[in-house]
Each structure stands twice: as C-alpha cells, then as structure tokens.
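Engineer: Before I ask anything, let me first share the structure, which is written out below as structure tokens.
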C-alpha cells in the first residue's frame, strides 16, 4: 500500500458579505460593507492509501464539498498542501482529472439526450482509453450489473436510480486511481441503494480504486467504508477505523413511536417511564435513542405497549448528525 | 497518458458537436421553427437595410454596394460566434444552478470543453445569406477576383469573427462576478448589429470607443477596407488579425479566471 | 496607515455595490449608447441625402421617431412569451390556472409592475433627452394627451399579440423560435426599426392594413403631429381601438380553445 492522497494542514477561507437588515441596512450597505472571513476547511490533515474506501462525513455546510473541490483541483487552498497521485491538483487540474472520477450528487455529467453508450464513447475519447481497456471495462460492468438495457437508453429516460448507476459507471470508466462520490444514494429506494453499494464495493475490490464517499446515510458507511473521517464546521472531528465507531454507535438505534393521545404529554410521560433514555419529539414522532447493549428495542417497545396504545412505529439507524452530537458530548477516539 | 495535440481536440470537438446535433434533432419541431425564426431574422435585417438605403444614393461617401459589402461581411463574420460559441448564452444559468462544476472534472481545457457542447446549426443560414450578399455586392463593385484576394478575404474574415467571439466571451464571463449579467450580453448583441456601418460616421470619441473599448469596428469596417479600398487602407486594418488575437487572448483569460474563481463561491 | 488595505476594501466595495445596480446601470448606459449610435447613423444618412426632408420626415423627425420607438419597445416589452412558455414547460401553468383569476389578466398584472420601472429607467430619460436635444421639436399640446391614450391602446394590442403567440407555444414547445419570429415581424412591420414613411409602395399600404403599425407607428405619428386635424387623429385612434378589440377577442378565444391542450399534456 502507498499513499495516494496526502493532505497537510489544509485550510480554505472564504470572504462572506455580512448584510445589514432592512432598508436602512441596505442603504448603509451601499456605502460600507462588512466582510466576514469564514473558514470552510480548517487545518485538516489526512493520508489516504491506494484502495481504501473512506467515508467522509459531516452535516451540511461542514466543509465536505470544499475539501473535495480542492482534492479535484477546481479550488485552490488558502494554505496547506494537497498531493494526489504525487501532483498538486489545482496546479495541474487537467492532469489530475485524468486520474480521478467524480459523481456529484444528483447532477448528472452524462449527455442528457444521448444513449448511455454514446456518452461512454465520448468519454473514451476524452480520457484516451484504448479499445482493449474500454471493452474489458464494459465486460466487467456486464458481470456486475445488468447494463445492456441501460446502454441504449437516453439519460433523459432513466429513473433516478438508473441515472446514478450510469454516472458511477461513467466515473470508473477510465479506471481512475481515485473516485469521489458525493451522496451517491440520496433519494433512492432500499433495493437501489443496495445495488449501488454492491457495485461500488465490487469496483473497488476489482480495480483497487480509492473511493472517497461523502454521505449522510450511515447505511452507506456501514456497507462500504473501512475508515471514516468526520468533519464539522471545517474541523476534523474524527479519523479512525469504522470498527471503533461501530463499537460505539453500532448498538444505538432510534425507535420512533406514535401513541394515541396528545403528543407532548405522552412524550413527557414516556420520558419519565424510560429513565436514562434520550426521548425527543421529532416531526410528529416521539423518538427514543435505544442502546441495545442496555436494553433491546423489542423490550422497550414491549414496555411501552403495556402503558400506551401505539398507533404506529418506525425503527431507524443512527444518523450522521446523531453521531456527531455524540462525539461532541463524550469524546470518542 | 498520450499527449493532447490538435488532433485529439479536433476529434473530441466533432464527437461532442455530433451529440448536440443528435439531441437537437430529437426535438424536431423546435429545430424547424427555430431555423425558420433565424431565416426571418436575416430577411428582416436585410429588408430594413434595403428600405433605408434605397432612399439614399450614398452615405458618407459609401455607395450602396459598398454598404452592402460591409453588411455581407459582417453577417459572415458573425456566423462563428452564433454557431460555435452559443453556449455562452447558457453560462449564466449553468453558473447559478451550480451545474457549471461538472465541466471542471474533465482532463481537457475547461473553456474548450464548455464551448464544444453546443453547435448552433441555425447560424449556417446566416452564413449562406452573408456569402450571397457579399458575392452580389462584390460583383457590382467590380472588384475583380484572384487567389490573393480570396486569401486576404479569408484571413480578415477570420480576424473579424475572432473579435466578435472575444467580445461575447468577455460579456458572458461577467456572470462569474455579477448578477443580471444578461444585460451585458444583451448589450453586446445589440451593438453587433451596428458593426455593419462605416465607423467614419461617428465622432472621434465614439470612433475611439468602437475601436478600442467595444471593438465592433473590427467586425466589418477595418477588415473589409483591405478588400474594398486597397489604396486607402487604415493602419488598424492591417493590424486587425493581431488585434483580434490579442482581444481573444484577453477574453479567454477573463473567462478562465472567472471560471476558476466561481468554484470557490458556488456550493 | 495601511493604504493597500483600504484600496482593496474600496475595490471590493465598488464591485459589491455594482452587483445589484449593474443591471440597471448597463440598461441605462446601453440605452444611451444606442441613442448615440442611431443619432450618428441618421445624421450621416441625412447629410448625404442633399435634402432636408426625406419621405416627408426631417432628420429630427426621424431621430425622435426611431429613438422613441426603441424606448417604447423597451418599455412595452414584457417578455410574455418567455414567461408563459417557461410556465408551460415547467408545468407551473397548472398552478397559475388554479388561481381565482383569469390567466390572461393574471399574467398581465403580475408583470405590469415592470411598466413602471421600465418607464422610469428607459422611456422617461430618453424622452427628456430627445426633447432637449431636438430643441422643441416635440410640441407640448393636446398631442401629448392623444399620445398617452394611443400608447395605452398600443400596450393592449402588443399584449394580445404576445398572448396569441404564447398560446401557440402550447402546441410547439419551441419558445425561442416562435418568439424570435414574433419579435422580428412586430419590430419591422410596426415601424420600430425603420419609419413606415420610408417603406416603398405597396409595402407601406400593406403595413397600414396590419395591426402592427398600431403599436408603435400610431402613437409616434400622433406625437410628431403628422396629423393635421382632430379627425385624422381620431381615425388613427379609432383604427387602434378596432384592432385592440379584435385581437383581444381572438386571443381570448384562442386561449380558451387551447386550454384543452394543457389537460391533455398534463402538468
């Protein structure tokens, strides 16, 4: 194994205009303006090895996409250094781009009105992929997913899941050393999520591609990543093995119930009943954070059903936001 | 990685252009109506030109056919910007929606990749119209014809086109800095319609503005002098290829600078 | 003191403050530049004509006519076709149709606010500049009252034409093509690019039987006192009124008949 990405003391600052309120404020803004410097990324360092799948987590606005933009060379750091593949990305954007693949959320990079195979052919030329490598890659794709029906469909006609799948295939087409995936499973149904995770996993195994995955979905992290890096407000909070994180959070699940009667009073009463559990009201649901090492979800539900009439219930994995909250509350490291 | 030479860029260019044509063909009704609309525009432009000048034998020492020559010349010179750089019109929307970033991840020149995405075939009608007008006035002016003249014509037509492309690039790139950049682009487009008039009708101040600040005089007037009045060429006419390259280079730098700067502010 | 710091702040301040007013600024400056170009062009044309009056119009008449036609165009253009076209494509039109208001009036009144800003930004300054520059060529009498009446009817005719064209978009989806055709036809045949007095026969007669001249030519000819007596002014406004009624009825009926199209297409 060798380091493919080396980041040292990386910082990116933006100047943000602070607007005053009201008409008087905007008139004042005409003559004098206050700028606030915001550190989107604050002194981040990490080293990523070839072939790793790294989950890059954090809430919205944490600085994830700014870091990725710097790694892909579209943004110049304010200070600190990045080396991907031994080159400085923003100085050699084009050269760097040859060795990376990017999927950015729901923004497709494929040609909207073209059948997928035509998009692939253009990419083949842009990345100067030779015929053999191209055909080998398509064969590999065929062995992993049922792409033939997709190949002759235009992107316009595809479902969101098919489009995401196609975008991921396109990102791997030139066999890049690193692939950046930004929220690849957002908005997809459970079956499609599983498909996409399987595909990413297989491509990583087969080609030893480094994958940097930003996500909100702990399910993605659980299924794919050996390592997670958590960032919040630009600062790195956590960088370690997923096992360690799982040891800490794996046992946590969120039980959501909707009892009959008034929500607030019921929540209050449940809070008294289940001492030691964190009970909150979230959108119309009473949500209970259950540590399964202390008590099973079914036990808790059973206890509740004795005293309350439960109309509806849901079970959720712990979210990134909860994890970050927990890290703040009692340091994991 | 193989070296990216001109052949590489040409091949990609035609591949991407072909995809654009294919997708345009898939909206056939739109394509046909837009083409008719474009032909309408050209005819209307010609008709208003004809109505004005049939009332006057000459303007400022420029005969009807000389004016027609300038008109045809400007139509041809404005074709490349219409056909090849039409994606500049979408730049503003791509930047605001954040879709622009997708152009930044490819191992090819950003400007090239962005512009290659759209080929506006409607501009070819304008080209045909321009060639017809130019040939007609050429014949009536009795300018004669030889290979050297043809070469001159081509060189100076290209320089004229490049100036217009540069103007549009710079205008489109303003969207990286300001909101409402549509007005800037629209303004430049409105002024290109006045490129077909001899710059001598303006006062010195505006001659200066239209030569150096908003160089529409290089779209038809200066370059066509070389063919039209070879005994009386202004020095700026001869330099127009150089000036075109300089303008283009500046506009390219502005465009690229804006593009890379924008990525910092976009989400 | 650190001067550079202040210089940077000033620069940033200028750029920032320009961001919001730049659209307006460009609009006003662009309009002024345009006036200057038109001024020089027609000055040169008239200087070469040898006579002061061409087709019954003096240089000042022509200048006022063209400049105010452009100002009227900027002021009247509501981009209705674009708005409705976009509503149709995005499906937002279904929401607007649910509003307890006739769609035709809804669209008109939602964008009527732009009349006010456009009037202040473009028409008024242009009118004042022209009145000052031409030193009293515009007479301030009853013609102003008739001019205002005529403009209001012109706006209504223009809107009906726009609305008819926008309704066509329900069938074709080609907004750009349809819009450019409309714009070209309206601008040429309404006399906004070349005064209708310059048109050769039989085109001149034909344009007077079309509704377009009622948009720009009618109010401008009233303003310029081309009509000697009240009777002929009444005839012009009467013609406008007839067109206004006819086109309003057509646009309403066409819209009503086309609404079924939306329900077929779905939202």
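Engineer: So, in the stretch A:1-52, of the ones that are under 30 Å from residue A:83 (Cα atoms), modelled with pLDDT of 65 or more and loosely packed, with under 13 Cβ neighbours inside 10 Å, which residue ends up nearest to the other protein chains (Cβ to nearest Cβ)? Walk me through how you get there before you give the answer.
Structural biologist: Within the stretch A:1-52, the subset under 30 Å from residue A:83 (Cα atoms) is A:1-16, A:36-52.
Then keep just the ones that are modelled with pLDDT of 65 or more; that gives A:2-16, A:36-52.
From what is left, the residues that are loosely packed, with under 13 Cβ neighbours inside 10 Å are A:2, A:9, A:15, A:36-37.
Working: A:2: 20, A:9: 19, A:15: 8, A:36: 13, A:37: 13 Å.
Filtering first and then ranking leaves A:15.
Engineer: Considering only the stretch B:109-177, give the helices (runs of 4 or more DSSP H) lying wholly within it that have at least 1 residues that are within 20 Å of residue B:41 (Cα to Cα) and modelled with pLDDT of 90 or more. Don't jump to the end; show me each part of the working.
Structural biologist: Values: elements: B:110-116, B:123-141, B:147-173.
Fully inside the stretch B:109-177 and qualifying: B:123-141, B:147-173.
Engineer: Something else about it: Looking at the stretch A:119-157 only, could you name the residues that are closer than 19 Å to residue A:195 by Cα, without any contact (Cβ under 8 Å) to a residue 24 or more places away in the chain and assigned to a helix (DSSP H, G or I)?
Structural biologist: Scanning the stretch A:119-157 gives A:138, A:139, A:142, A:143, A:148, A:149.
Engineer: On the basis of being surrounded by 14 or more Cβ atoms within 10 Å (Cβ to Cβ) and either under 24 Å from residue C:240 (Cα atoms) or in contact with a strand residue (DSSP E or B) (Cβ under 9 Å, 6 or more places away or on another chain) (or both), does residue C:119 make the cut? Break it down into steps so the answer makes sense when it comes.
Structural biologist: Values: surrounded by 14 or more Cβ atoms within 10 Å (Cβ to Cβ): yes; either under 24 Å from residue C:240 (Cα atoms) or in contact with a strand residue (DSSP E or B) (Cβ under 9 Å, 6 or more places away or on another chain) (or both): yes.
Here the answer is yes, as residue C:119 does meet what is asked.
Engineer: Which residues, taken from the stretch B:178-196, are in contact (Cβ under 8 Å) with a residue 60 or more places away in the chain, farther than 21 Å from residue B:225 by Cα and in a helix (DSSP H, G or I)? Don't jump to the end; show me each part of the working.
Structural biologist: Filtering the stretch B:178-196 down to residues in contact (Cβ under 8 Å) with a residue 60 or more places away in the chain leaves B:181-182, B:185, B:192-193, B:195-196.
Add one more test, that the residue is farther than 21 Å from residue B:225 by Cα, and what stays is B:181-182, B:185.
Once the filter is applied, which keeps residues that are in contact (Cβ under 8 Å) with a residue 60 or more places away in the chain, farther than 21 Å from residue B:225 by Cα and in a helix (DSSP H, G or I), the stretch B:178-196 yields B:182, B:185.
Engineer: Scan (1) more than 19 Å from the chain's Cα centre (by Cα); (2) in contact (Cβ under 8 Å) with a residue 60 or more places away in the chain for the single condition residue C:215 breaks and write down its number.
Structural biologist: (1)
Residue by residue, here is whether (1) surrounded by fewer than 19 Cβ atoms within 10 Å (Cβ to Cβ); (2) free of Cβ contacts under 8 Å to residues at least 40 places away in the same chain holds:
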site: B:169; (1), (2): no, no
site: B:199; (1), (2): no, yes
site: B:207; (1), (2): yes, yes
site: B:251; (1), (2): no, no
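Engineer: Here are some residues: C:120, C:116, C:130. Which one is at pLDDT 80 or above and over 30 Å from residue B:31 (Cα atoms)?
Structural biologist: Values: C:120 fails: at pLDDT 80 or above; C:116 fails: at pLDDT 80 or above.
Criteria check complete, one pass: C:130.
Engineer: For residues that are assigned to a loop (DSSP other than H, G, I, E, B) and more than 14 Å from chain A (Cβ to nearest Cβ), scanning just the stretch B:15-59, find the one that is surrounded by the fewest Cβ atoms within 10 Å (Cβ to Cβ). If you could, list the steps in order and put the result at the bottom.
Structural biologist: First, the residues of the stretch B:15-59 that are assigned to a loop (DSSP other than H, G, I, E, B): B:26-27, B:55-57.
From what's left, more than 14 Å from chain A (Cβ to nearest Cβ): B:55-57.
Values: B:55: 15, B:56: 18, B:57: 11.
Looking at residues that are assigned to a loop (DSSP other than H, G, I, E, B) and more than 14 Å from chain A (Cβ to nearest Cβ), I get B:57.
Engineer: Return the only residue of A:161, A:80 being away from chain B (no Cβ under 12 Å), touching a residue at least 24 places away in the same chain (Cβ under 8 Å) and either in a loop (DSSP other than H, G, I, E, B) or touching a strand residue (DSSP E or B) at 6+ places or on another chain (Cβ under 9 Å) (or both). It would help to see each step written out before you state the result.
Structural biologist: Numbers: A:161 fails: either in a loop (DSSP other than H, G, I, E, B) or touching a strand residue (DSSP E or B) at 6+ places or on another chain (Cβ under 9 Å) (or both).
Checking each option against the conditions leaves just A:80.
Engineer: Which of (1) farther than 30 Å from residue A:126 by Cβ; (2) buried (at least 16 other Cβ atoms within 10 Å of the Cβ); (3) touching a helix residue (DSSP H, G or I) at 6+ places or on another chain (Cβ under 7 Å) does residue B:62 not meet, given it meets every other one?
Structural biologist: (3)
Engineer: Whether any residue in the stretch B:220-234 is surrounded by 15 or more Cβ atoms within 10 Å (Cβ to Cβ), within 14 Å of chain C (Cβ to nearest Cβ) and part of a helix (DSSP H, G or I) is what I want to check.
Structural biologist: yes
Engineer: Here are the criteria: (1) buried (at least 16 other Cβ atoms within 10 Å of the Cβ); (2) within 12 Å of chain B (Cβ to nearest Cβ); (3) in a helix (DSSP H, G or I). Tell me which single one residue A:109 does not satisfy.
Structural biologist: (3)
Engineer: Being more than 14 Å from every other protein chain (Cβ to nearest Cβ) and touching a residue at least 24 places away in the same chain (Cβ under 8 Å) is the requirement here; does residue B:245 meet it? Steps first, please.
Structural biologist: Working: more than 14 Å from every other protein chain (Cβ to nearest Cβ): yes; touching a residue at least 24 places away in the same chain (Cβ under 8 Å): yes.
So residue B:245 passes the test.
Engineer: Still on this structure, please answer the following. Out of the stretch C:166-181, which residues are more than 9 Å from every other protein chain (Cβ to nearest Cβ) and either closer than 29 Å to residue C:218 by Cβ or modelled with pLDDT of 85 or more (or both)?
Structural biologist: C:166, C:167, C:168, C:169
Engineer: Also, quick follow-up: Being surrounded by fewer than 22 Cβ atoms within 10 Å (Cβ to Cβ) and over 18 Å from residue B:15 (Cβ atoms) narrows it down to one of A:148, A:131, A:125, so name that one. First the steps, then the outcome.
Structural biologist: Working: A:131 fails: over 18 Å from residue B:15 (Cβ atoms); A:125 fails: over 18 Å from residue B:15 (Cβ atoms).
Selected residue: A:148, the only one of A:148, A:131, A:125 that is surrounded by fewer than 22 Cβ atoms within 10 Å (Cβ to Cβ) and over 18 Å from residue B:15 (Cβ atoms).
Engineer: Another question, if that's okay. All but one of (1) in contact with a helix residue (DSSP H, G or I) (Cβ under 7 Å, 6 or more places away or on another chain); (2) more than 12 Å from chain A (Cβ to nearest Cβ) hold for residue B:96; state the number of the condition that does not hold.
Structural biologist: Failing condition for residue B:96: (1).
Engineer: Among (1) farther than 15 Å from residue A:212 by Cβ; (2) at pLDDT 90 or above; (3) more than 13 Å from chain B (Cβ to nearest Cβ), there is one condition residue A:120 misses while meeting the rest; what is its number?
Structural biologist: Result: residue A:120 fails condition (3) only.
Engineer: Regarding the stretch C:147-154, can at least one residue be identified that is without any contact (Cβ under 8 Å) to a residue 60 or more places away in the chain, surrounded by fewer than 20 Cβ atoms within 10 Å (Cβ to Cβ) and either under 21 Å from residue C:252 (Cα atoms) or touching a helix residue (DSSP H, G or I) at 6+ places or on another chain (Cβ under 7 Å) (or both)? Break it down stepwise before answering.
Structural biologist: Narrowing the stretch C:147-154 to residues without any contact (Cβ under 8 Å) to a residue 60 or more places away in the chain: C:148, C:152.
Subsequent filtering for residues that are surrounded by fewer than 20 Cβ atoms within 10 Å (Cβ to Cβ) retains C:148, C:152.
Checking the rest, the ones that are also either under 21 Å from residue C:252 (Cα atoms) or touching a helix residue (DSSP H, G or I) at 6+ places or on another chain (Cβ under 7 Å) (or both) come to C:152.
Scanning the stretch C:147-154, I find at least one residue that is without any contact (Cβ under 8 Å) to a residue 60 or more places away in the chain, surrounded by fewer than 20 Cβ atoms within 10 Å (Cβ to Cβ) and either under 21 Å from residue C:252 (Cα atoms) or touching a helix residue (DSSP H, G or I) at 6+ places or on another chain (Cβ under 7 Å) (or both), so the answer is yes.
The values are calculated or read from the model by the stated rules, or taken from the named source; none is laboratory data. As the structure is a computational prediction, the values presented were derived from the model and not from experiment. Counting neighbours? That spans all protein chains shown, and the Cβs are built from the backbone with ideal geometry, glycine included.
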